[in-house]
Every structure is written in structure tokens, then in C-alpha cells.
Amino acid sequence: MPHDALLSLQTDHLNELQGRYESAMAEHGYDSLLIASGAAPYRYGDDQAWHFQGYGPFLHWTGLAGREHCWLWIRAGHRPVLWLFEPVDFWHANPVLPEEPWQTFIEVRSSASPRAPLLDDPGSLAVIGDPALISNVPGDANPDDLLRDLDETRVRKTAYEIECLAQANRLALAGHAVAREAFLAGESEFGINLAYQQATRQREAEAPYHSIIGLNEHAGTLHYQYYDTQPPGQPRSLLIDAGVRYRGYCSDITRTTAGPEESHFAALIHGLERLHLRLCDMVAPGVDYIEIHRKAHQGVATLLSATGLVSGLDDEAIVDKGITRVFFPHGIGHFLGVQVHDVAGKPTPPPEDAPFLRLTRRLEPGMVVTIEPGFYFIPSLLEPLLEGELGSYLNRELIGRLRGCGGIRIEDNVVVTATGSQNLTRQDPA
Ligand code: GLY
Ligand code: MN
Ligand code: MN
């Protein structure tokens, strides 16, 4: 999409947000609302701060993920005002805000102070943001009922948000392509991370989450967080779960690649990929997301039988006895937006058979979800299964051969449309 068209969609987005916010504020008796972008706290006993990424509602309006100590004031019937923190400071730079059409919708004022602005006639005021930063600001701090309704304004994405998420996908896909090449060329986890960052032109601190890059057994740790600087003697598998933030919006993509001599593991990846695409095809308005999660377990059971990893049990029993949860212990996915695990996914708690599921809603047009089935060889889950009464149904020899490959996850970002879905991850890279 041409950049001008995107910027024009952003103005529509802001108009829509103004309406959604005015309704939520009226519902809870507020005339105005002050949003704190946030600020990175200093590490205990140190003069260095943690990496900063802004507060969700602030990003929903501005997309300015790296701007600390800013304040946004929303009032019914008025133009929002953004106080942009621009201190007089010879230690640090103030980034220049490019001139864009959204600044006709939001009035931008410069502020040299990190403090909340003095508001002219705020009426009944709510203030939302990091409690440590808003505790001394007059007004109701983080009222629960209002926050719940503001989270709800983020559930059905506008056309602007969907286009930003699509671009975040295109940019990340370019990174995934070079990461795969780097793996096949024998790079270490560290080297693959550098290749991903180079291709996506994104600093680690700006990524929507810490990129998960695991070779061999490391691919079996769901949120593996280290990078070996040396490649393993025999590179058997790569799992990379990495995204990009674009104008505040996140992508969250996972790909798994088998090493050249891993035909069994490659076949397993192929099987999971086919299941993954079937699950993506289930995304449509009216579908209960929990049903997609349950279909994933049925698919994992079929894969366990078809590969001979489990025998002597039918697929239903493989699920009912909890065997699929050993190989696929996490949820099938979550909402995606200005936060990688976007808000409002669980108005009702997850069912007992899916304790880690982050989204329990029926799908509606405009929702954006991830679909991320996995299939892992996780020692701390496998050992009790192998040693317990179900161990005799498992093919120890085959598990022994595959466990060094760690695991598989395949993750796409999918929009619910009026009639079905659009997969943002199955498109050309940027
Ligand atoms: N990257 C974290 C997740 O997939 O949820
Ligand atoms: Mn995810
Ligand atoms: Mn992910």
C-alpha cells in the first residue's frame, strides 16, 4: 500500500478511536482521560534503565513505541493533545517526529518536563498508565471498569491497524528468509540473530519480544532466551520465533527448518505445516477459538500415530490421555496488536484442557490472531510420560532419534474478515 494511503487510513483510525473512547468514557462517567506513555525504570542499584516500550493504549493512539514521559489527553468533542517529552539535555538526543497527517487530528505540544501536564478544565478525569508514574497525578488512577472497556476497543482492528500488522509481517518475513539461509550456511544462534536484525533493520530492544532462536535441543525450550556464539557440531534444526514492530504494531512469526540430513524431522515439519494451514483455514467469524485449539490436539494425535511415535491407541485416546499435551503443551495462539500478546483475549478463563490458552473468545471480523501449533521433544514432559503407564505406547527408539532436534513451531498471523480470513504471513517479504 502506498505510504500516503496508509497515512490517510491512520486518520480514519483516529476518528474511530475517538468515537470508541468517547463511548467508553461516557459509560463510566468521565469527561476526559490522560494516558501516560510510560518510562523505563532504572535497574535496582544501578544508573542504567531497562529497555523501554510504551504502554498499549498510548501506542493504540500514536504508535510511538519508544517515546518516554509523553502524555495524551482525550476529551469528548475536542482534539486530543499529545505532550511530547523533549528535554533540554546534552546527554541524549530528542528524536524528530516526522510531519504526518495524524498531527492534524492530534495537537502536538513539546514539553521539557517528564511530569504530567496541567490540564485546563479536565472535568471528571481518569488517568491511566504505569502506577509508579501516575500516583501523584490528580484524577482516578487506572479505574478497572474503564480499563476493561478500553482494552475492548483494541479487539477489532481498524483497516489502518491491519495494514500496519501486514507490513510488520512483510518486514519480519525478510528476516526469516535470511535466518534460514544463515542456519543452512552453518551459522550459530548468535550469527542467525545478527542476520535477522540486519535484514529487518531492527535493534533487539525495538523488537516486539526477544527473538527466540534455538538450534537442535534448544528448539525444544518454548521461550529459549540465549544465543550460543558457536554453531553446534551438527546443526540438526532451527526454530526461530521473531517479529518486527512497525508503527507500534507487532508481527509474531515462527518457522522451523530441518538440517540437511534430518529427513525424519523434515517429514514431521511437513506434517505439522499441513496441520497448521488447516487450522489457519478454520479462522472465520463465529468460530470458537477454543475449537481451533482442540482441533490442533486432534491433528497432533494424528501426527503421533502416522509417524509411529505412538501406537496401540486411537487418536481420541491419545488426546484424552493427555499425550498430545506433552508434545504440544502451549495454547494455539493469541490476539496480536500493539502488544504481541494483545489484551482482552480471556473474558472467560481457559478451559481445563487448555490451561495456557491466551484467547477464549468466538472470532469476529477485525480480530487478528496467531495460529501456532507446536510439536516438541521436551525432556521434563517426556520423561514422566515414558516412565509412566502410558510409556509402552511410545516409540522410544524414534523419540531417541528425534529429540536432539528439539521441536517445531509454525506460527502465522491471521485476520478474521467478514467472510473468512486473510493470512498476513503468507505473502511476499518486504
Ligand atoms: N513469540 C511468543 C509467542 O509466540 O507467543
Ligand atoms: Mn505467538
Ligand atoms: Mn511467536
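Things worth noting here:
- Complete set of residues in region 221-245 that are within 16 Å of ligand 1 (Cβ to nearest atom) and either buried (at least 24 other Cβ atoms within 10 Å of the Cβ) or not in a loop (DSSP other than H, G, I, E, B) (or both): Leu238, Leu239, Ile240, Asp241, Ala242, Gly243, Val244, Arg245
- Filter result for Asp288 (acidic (Asp, Glu), under 22 Å from the mean Cα position of the chain (by Cα) and open to solvent by less than 20 Å² (accessible area, probe 1.4 Å)): no
- Restricting attention to region 343-377, the residues being over 19 Å from His223 (Cα atoms), open to solvent by 60 Å² or more (accessible area, probe 1.4 Å) and basic (Lys, Arg) number 2.
- Residue count for region 159-195, restricted to those that are closer than 16 Å to Pro231 by Cα and open to solvent by less than 20 Å² (accessible area, probe 1.4 Å): 8
- Scanning region 316-330 for residues that are more than 16 Å from Gly388 (Cα to Cα) and open to solvent by less than 10 Å² (accessible area, probe 1.4 Å) returns a single hit, Phe328.
- Filtered residues of region 305-315 (kept if assigned to a loop (DSSP other than H, G, I, E, B), on the phi < 0 side of the Ramachandran plot and open to solvent by less than 60 Å² (accessible area, probe 1.4 Å)): Thr307, Leu309, Leu313
- Filter result for the condition that a residue is within 20 Å of Val343 (Cα to Cα), surrounded by fewer than 20 Cβ atoms within 10 Å (Cβ to Cβ) and not β-branched (Val, Ile, Thr), over Phe52, Phe90: Phe52
- Of all residues in region 378-389 being open to solvent by 30 Å² or more (accessible area, probe 1.4 Å) and within 21 Å of Leu313 (Cα to Cα), the one that is farthest from ligand 1 (Cβ to nearest atom): Glu389
- The single condition among (1) over 27 Å from the mean Cα position of the chain (by Cα); (2) surrounded by 19 or more Cβ atoms within 10 Å (Cβ to Cβ); (3) of a type outside the set (A, V, I, L, M, F, W, C) that Ser110 does not meet is (2).
- Of everything listed in (1) open to solvent by less than 10 Å² (accessible area, probe 1.4 Å); (2) under 15 Å from Gln422 (Cα atoms); (3) in contact with a Ser or Thr (Cβ under 7 Å, 6 or more places away or on another chain), the single unmet condition for His276 is (3).
- Residue within region 373-390 that is closer than 20 Å to Arg180 by Cβ, in contact with a Lys or Arg (Cβ under 6 Å, 6 or more places away or on another chain) and within 16 Å of ligand 3 (Cβ to nearest atom) present: yes
- Scanning region 196-220 for residues that are part of a helix (DSSP H, G or I), within 16 Å of ligand 3 (Cβ to nearest atom) and open to solvent by 50 Å² or more (accessible area, probe 1.4 Å) turns up Glu204, His218.
- Whichever residue in region 139-150 is open to solvent by less than 50 Å² (accessible area, probe 1.4 Å) and in contact (Cβ under 8 Å) with a residue 24 or more places away in the chain and, among such residues, is nearest to Leu34 (Cα to Cα): Gly139
- Residues that are among the small types (Gly, Ala, Ser) and in contact with a helix residue (DSSP H, G or I) (Cβ under 7 Å, 6 or more places away or on another chain) do occur in region 154-166.
- Residues within region 251-286 that are more than 16 Å from ligand 1 (Cβ to nearest atom) and in a helix (DSSP H, G or I), tallied: 16
The values are calculated or read from the model by the stated rules, or taken from the named source; none is laboratory data. Remember, it's a predicted structure, so these values are computed and weren't measured experimentally. We place every Cβ from the backbone using ideal geometry, glycine too, and count neighbours over all the protein chains shown. Each accessible area value is taken on the protein alone, full model and side chains, heavy atoms only, with ligands, DNA and RNA left out. Shrake-Rupley method; radii C 1.70, N 1.55, O 1.52, S 1.80 Å.
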